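One structure is given here, and the rest of the page talks about it.
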Amino acid sequence: MSRAAAPPTKITSHSSCMISQDTDIRGDIAFDEGTIVHPKSSILALGGAISFGKNCIIEEGVIIVNRGKDTMKIGDSNHFMVGCRIESPSIGEWNTFQPRSTCSSGVIISDNCTLSAGTTLLHSLSSSASTSESMETLPPCTVIYGSNSDRRVWDGTGQKAGRNLREKHLEYLREIIPKYNRIRPNT
Amino acid sequence: MGAFDPIMTYEKGTYIETDTGNKVSRKATITGATNIILGGKSIIQTGSILRGDLKRSTAGQHVVISMGRYCLIGEGSVVRPPGKLYKGAFTFYPVRISDFVHIGSNCIIEAAQIGSGVEIGKNCIIGKFVIVKDLAVILPDTVLPEGAVVPSMSLWGGNPGKLIGTLPETYQETMEKKCKTYYQQFRPA
Amino acid sequence: MSVSYSCSHLATPYAPLPPSYPSSSTAYHPLNKLYFCEECDATRCDLCVGVEIASYFCPNCLFDVPSANVRADKNRCARSCFSCPLCESSLSIQASDQSPTDISTIATSSSSGQAGGPPYTLVCPGCKWSSKEIGWNFDKPTGIALQLSKINTLSETVQSEFDLIKEHLESYITHSTPTPSAPSSARSSRNPSRHISNLTQMAQKALHRNVGGMTAYPAAFNSRRPNMSNQENKENVGWDELAEYRPKTSWRQLGLERGLEDAEKMREIQEAGPDGLAGLDKRWKNSWENDRSSKAMTPQRIPLQTKLTKRCPHPNCRHLLIQPDTKTVRMKIKMTASNYLPLIEIGRKRRRLPNTDEIEEQNPTFTSTEDIDCRRRERRRTRGILVKEEDEPMDSTLTSGETYSFQLALINPLYDPIQIRLTQPHTPRNAPTPKCTVNIPTPHFTINALKDAWAYDEEDENEDILMGGSEAGLSEEGTTTTGTTTTANATGTLSKKSRFSILANTGVGVSNKKLREGGVEKKGNMSKVNLDVELSKEAKGKIEFDLEVRYTYKAEDIGTPTDKEGKDKSSAKKSKDEYKHFTFWIRVKIGQVV
């Protein structure tokens with residue numbers, strides 16, 4: 001890369017984290033309690049740092065990039081599914097990024113949002129098209145769906161069941177991931 | 001179908017050939033290999049990921065990914081078992097893939113079952129617990145949501161995927177021939 | 001690049017019009033979509049076959065719906081299959097969250113949350129739409145459609161109106177079903193939909209009715225009408241008057257003429273913006289005219305799908321061509337053309353470069369034997385005229401005025417060797433000049449028989465070994481072959497082939513012949529021939545041409561174990577070696593001139 005002096009890799013992780021060895025992790029990255037990183041994922045802090053909250057799941061083929069100067073803050077209990085690509089500067093909690101969803105750097109994601117499989121979240125044209133500099137914040141419980149990446153608001157049906165599922169999922173992954181994958185030693 | 005298909009070559013040594021004729025790229029990520037069964041003459045291409053480690057929660061040996069004969073997992077595709085709660089506990093469920101299944105490049109497969117003679121185009125996302133019955137075509141770039149059912153002899157496309165047509169009655173022969181030809185044309189340089 | 005096959009529908013086979021007539025396009029279909037009727041000895045296509053519904057099923061729950069229930073179910077799944085009003089994915093049933101305790105307790109108690117309980121809702125896995133949004137909740141997770149029909153019946157007026165129309169038409173349909181003593185029963189008994197023909201008669205009658213103000217030809221009408229009615233009386237069908245239908249309530253009373261209400265709607269839509277209006281694709285699957293705004297859309301029961309039985313369209317034949325099995329994907333009867341006609345493919349596009357410089361020819365830059373062989377062969381074929389050719393990708397565009405050479409591969413589906421004759425069909429007089437002229441250097445050749453599947457598989461396995469080992473034989477063989485790998489391969493398979501053909505007792509004579517008979521490349525049951533296409537200077541757009549393919553096969557004696565062709569049987573009785581012909585036409589699309 002021509003960009004001068006990518007920051008040195010520094011991984012800070014809580015002892016309960018599970019970060020696979022077979023991952024591409026660069027730059028200053030912090031993982032809080034219970035976050036699980038599957039093999040073959042990439043977390044690249046090319047500019048500022050990236051900090052993960054508690055109990056996030058990062059599956060294979062996920063690419064999370066921070067090109068900006070500021071720290072990319074990712075909240076608790078987010079689920080990044082296979083092959084999604086995240087450049088959003090800030091992410092709240094309990095969001096679901098379904099397989100191969102893409103999130104551009106122009107949007108801040110709040111809480112309980114869902115990006116359905118194969119969708120792309122871009123800066124909304126209708127809200128403030130003229131000022132491309134300004135950040136857009138995706139309101140809580142937004143669902144991005146379909147081939148046109150339409151937006152709608154989720155009414156919260158099945159929220160508890162969904163949260164319960166994610167917690168159990170994490171629990172099981174903690175048990176099974178170290179059996180078959182090499183885990184990075186804690187730092 | 002076949003007569004003018006170009007020969008696809010790979011550098012010798014980049015693929016491992018098993019006794020039953022499976023060709024597995026050395027650059028494919030296969031976790032929990034003991035939980036994966038390949039039927040023979042199947043091809044797993046470079047950059048694909050097979051998650052054999054995500055097994056059932058109950059104790060004992062479990063097959064996590066099973067695949068029949070003349071299958072293809074295209075470059076960069078991911079096959080991963082779907083998971084859900086069962087009696088209050090989380091568990092993964094196996095992915096069963098039958099014979100003559102072609103999965104194009106860069107697909108994400110979390111299906112529970114893919115029947116025989118199924119063609120999945122490139123860049124498809126097959127959601128959790130999807131059931132694809134025997135003889136079906138899923139067009140490139142299709143996204144099938146969780147739990148979708150694809151009946152036999154149907155053609156699907158779009159995001160979210162919809163049933164958009166039926167296949168000609170000759171499809172089974174066409175697909176089997178295609179899979180066999182592909183396997184024969186895929187050989188070391 | 002495609003090859004499609006002709007279907008002359010019900011007419012006796014004829015050469016369809018050349019590609020310059022756009023109307024000829026309906027005569028051609030890809031081979032995998034064609035059927036073959038053995039009784040008529042003709043190809044049939046989806047445009048002409050008779051179609052009947054063999055069974056109904058729901059594409060989501062895969063339930064086989066008995067045809068008796070289909071009408072009552074209004075052709076939709078009557079169990080629990082609904083499609084999302086927003087994205088049309090099939091909805092899943094979700095139990096509601098446990099009693100309104102806060103989330104923290106859920107997290108601690110492991111038993112709760114998983115079981116869930118009533119009320120149940122329909123949720124979309126794609127867009128997270130939930131039926132709570134429109135107030136649909138269910139007590140049980142099964143039989144949603146039934147539960148819904150109890151809650152949500154059609155409005156009184158609509159249902160009663162529907163019943164009235166049904167009653168009105170039903171009396172007519174039952175009345176006009178054919179009487180068993182109908183005359184000309186040979187024809188009418190074959191017609192499964194007698195009342196349809198009555199409907200057309202009705203339409204005819206309506207057309208012949210006197211129109212007010214049209215007095216120009218009253219005589220003509222009057223003279224014809226008694227005639228017609230006489231005929232119908234003779235036919236004993238008796239077509240009844242369909243009484244005029246009187247609706248229970250007028251649309252004016254129903255308030256379809258909305259006035260201010262419409263204006264209000266318009267205002268609402270304007271406020272809601274583009275997302276507020278439901279797309280046409282979502283609305284037209286609804287049976288009734290309803291609200292246009294997207295928030296009023298309700299889940300629809302998933303429409304049923306069918307398995308079809310297909311019949312030969314010939315009135316004297318009507319044999320089954322396709323009969324599906326309700327339970328499995330197998331077909332009980334499957335008469336597809338791919339089992340009868342050779343599969344034809346086109347490939348290896350080469351452009352002929354007009355420069356004939358011998359200097360380059362003598363220049364030893366092309367040292368590989370392949371290139372030299374290629375040239376030699378080329379020189380021989382074009383009888384001394386030196387030409388250079390170069391391979392082009394198949395999907396590249398064509399240039400007008402150039403000459404291209406192609407290879408045509410024909411694959412024999414029969415267990416007997418066949419002889420092929422390729423010709424160009426006659427073009428009608430006054431036809432526009434074709435965009436290209438086609439030259440077929442080898443119009444007559446043979447194709448070897450298809451072998452049994454087991455013999456085939458074994459050959460595949462041996463192929464890899466042969467590929468590696470036959471390198472040495474290539475150079476000496478090269479003088480008579482193209483030097484491509486396929487022929488090198490074929491030399492190796494020759495011995496095997498003859499062995500198998502002796503075993504199988506078919507095609508002994510042919511398979512032992514020389515592999516190449518003047519420009520024909522052979523491998524297994526495939527023959528490849530060359531084809532030169534010269535594009536005219538004015539050629540533009542899609543370039544396609546037609547070919548007439550006649551194949552001759554030996555209708556062998558009954559002892560042949562591989563004889564599964566019904567059409568062979570009749571001739572086999574007469575003599576031992578009888579040759580039969582079949583002619584069809586193909587349209588070859590070779591690309592575009594930009």
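Points to keep in mind about this one:
- A single entry from A:Asn95, A:Asn78 fulfils the requirement of being within 13 Å of another protein chain (Cβ to nearest Cβ), farther than 21 Å from B:Asn106 by Cβ, crowded, with 23+ Cβ neighbours inside 10 Å and under 11 Å from the mean Cα position of the chain (by Cα): A:Asn95.
- Checked against (1) over 19 Å from the mean Cα position of the chain (by Cα); (2) within 21 Å of B:Gly83 (Cβ to Cβ); (3) within 9 Å of chain C (Cβ to nearest Cβ); (4) of a type in the set (Asp, Glu), A:Glu167 meets all criteria but (1).
- A residue that is surrounded by fewer than 19 Cβ atoms within 10 Å (Cβ to Cβ) and within 14 Å of chain B (Cβ to nearest Cβ) cannot be found anywhere in the stretch A:103-114.
Residue-wise test of (1) under 29 Å from C:Pro324 (Cβ atoms); (2) within 14 Å of chain A (Cβ to nearest Cβ); (3) crowded, with 16+ Cβ neighbours inside 10 Å; (4) modelled with pLDDT of 90 or more.
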{"position": "C:Tyr56", "(1), (2), (3), (4)": "yes, no, yes, yes"}
{"position": "C:Val70", "(1), (2), (3), (4)": "yes, no, yes, yes"}
{"position": "C:Ala78", "(1), (2), (3), (4)": "yes, no, yes, yes"}
{"position": "C:Pro85", "(1), (2), (3), (4)": "no, yes, yes, no"}
{"position": "C:Ala95", "(1), (2), (3), (4)": "no, yes, yes, no"}
{"position": "C:Thr101", "(1), (2), (3), (4)": "no, yes, no, no"}
{"position": "C:Lys132", "(1), (2), (3), (4)": "no, yes, yes, no"}
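Quick grid of which residues meet (1) touching a residue at least 60 places away in the same chain (Cβ under 8 Å); (2) part of a loop (DSSP other than H, G, I, E, B):
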position: B:Ser152; (1), (2): no, yes
position: B:Trp156; (1), (2): no, no
position: B:Leu163; (1), (2): no, no
position: B:Pro168; (1), (2): no, yes
position: B:Glu173; (1), (2): no, no
position: B:Lys178; (1), (2): yes, no
position: B:Tyr182; (1), (2): yes, no
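- Within the stretch A:28-115, strands (runs of 3 or more DSSP E) holding 1 or more residues that are of a type in the set (Gly, Ala, Ser): A:28-31, A:42-45, A:50-52
- Unmet criterion (only one of (1) surrounded by 12 or more Cβ atoms within 10 Å (Cβ to Cβ); (2) touching a Phe, Trp or Tyr at 6+ places or on another chain (Cβ under 8 Å)) for B:Asn22: (2)
- Being touching a residue at least 12 places away in the same chain (Cβ under 8 Å) and either in contact with a Cys (Cβ under 6 Å, 6 or more places away or on another chain) or within 7 Å of another protein chain (Cβ to nearest Cβ) (or both) is true of B:Arg187.
- Residue within the stretch B:136-147 that is at the interface with chain C (Cβ under 7 Å from one of its Cβ atoms), under 21 Å from C:Ile322 (Cβ atoms) and touching a Pro at 6+ places or on another chain (Cβ under 8 Å) present: no
- Residue in the stretch A:156-178 that is in contact with a Leu (Cβ under 9 Å, 6 or more places away or on another chain), under 15 Å from C:Cys127 (Cβ atoms) and of a type outside the set (Ser, Thr, Tyr) present: no
- Of all residues in the stretch C:555-587 being farther than 19 Å from C:Cys40 by Cβ and modelled with pLDDT of 80 or more, the one that is surrounded by the fewest Cβ atoms within 10 Å (Cβ to Cβ): C:Tyr579
- Matching residues, the stretch A:145-164, being among the aliphatic types (A, V, I, L, M) and within 9 Å of another protein chain (Cβ to nearest Cβ): A:Ala161
- Restricting the stretch A:29-46 to residues that are out of contact with any Ser or Thr (no Cβ under 8 Å at 6 or more places or on another chain) and without any contact (Cβ under 8 Å) to a residue 40 or more places away in the chain, the residue that is surrounded by the fewest Cβ atoms within 10 Å (Cβ to Cβ): A:Leu44
- Scanning the stretch C:407-436 for residues that are under 30 Å from the mean Cα position of the chain (by Cα), of a type in the set (S, T, N, Q) and either within 23 Å of C:Gly541 (Cα to Cα) or assigned to a strand (DSSP E or B) (or both) turns up C:Gln407, C:Gln419, C:Thr423, C:Gln424, C:Thr427.
- Among all positions in the stretch C:119-130, there is at least one residue which is at pLDDT 85 or above, of a type in the set (Gly, Ala, Ser) and assigned to a strand (DSSP E or B).
- The stretch B:89-110: number of residues that are in a loop (DSSP other than H, G, I, E, B), touching a Lys or Arg at 6+ places or on another chain (Cβ under 8 Å) and either within 12 Å of chain A (Cβ to nearest Cβ) or at negative phi (or both): 8
The values are calculated or read from the model by the stated rules, or taken from the named source; none is laboratory data. A quick note: this is a predicted structure, and the numbers were derived from the prediction, not measured. All Cβ positions, even for glycine, are placed from backbone atoms using ideal geometry, and neighbour counts span all protein chains on display.
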